């Protein structure tokens with residue numbers, strides 16, 4: 001073997017060892033690092049219910065009038081995904097106007113009811 005080949009093999013061995021060290025360090029910070037711990041051993045999330053002020057700030061509220069909307073009457077200026085409703089007789093729709101993806105799941109045959117041309 002020539003001297004250049006030995007140097008190349010040495011450099012590749014150093015890179016390989018460095019790669020293994022990096023992979024080992026990154027694996028400790030992933031979800032695999034906490035899987036072995038028992039529940040409650042430093043594992044907790046930050047999930048919580050939204051406060052009323054956060055809901056008012058995040059979503060739009062408008063009168064829910066689907067019968068009029070289907071006829072093209074009294075259409076709201078706000079566009080988005082209706083995520084819920086409040087009230088009884090005078091129902092208010094809670095609308096998410098953010099740029100979000102929505103997954104809609106329905107029974108067989110209801111797909112055409114959601115498509116508007």
Exercise. Modelled with pLDDT of 85 or more, in a strand (DSSP E or B) and surrounded by 13 or more Cβ atoms within 10 Å (Cβ to Cβ) - does that describe any residue in the stretch 48-56?
Worked result: no
Problem set entry | Subset of the stretch 66-115 [touching a helix residue (DSSP H, G or I) at 6+ places or on another chain (Cβ under 7 Å) and surrounded by 10 or more Cβ atoms within 10 Å (Cβ to Cβ)] | 74, 75
For this session: Output the qualifying pairs, or none if there are none: Cβ atoms under 8 angstrom, residues six or more apart or on different chains, first residue in the stretch 9-29 and surrounded by 10 or more Cβ atoms within 10 Å (Cβ to Cβ), second residue at pLDDT below 85 and assigned to a helix (DSSP H, G or I).
Result: 27/33
Problem set entry | Residue that is modelled with the lowest pLDDT, among those in the stretch 89-117 that are assigned by TED's automatic domain parsing to the domain that holds residue 70 and more than 24 Å from the chain's Cα centre (by Cα) | 89
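The values are calculated or read from the model by the stated rules, or taken from the named source; none is laboratory data. Being a predicted model, the structure only gives us computed values, none of them experimental. Neighbour counts run over all protein chains shown; Cβ positions are idealised from the backbone, glycine included.
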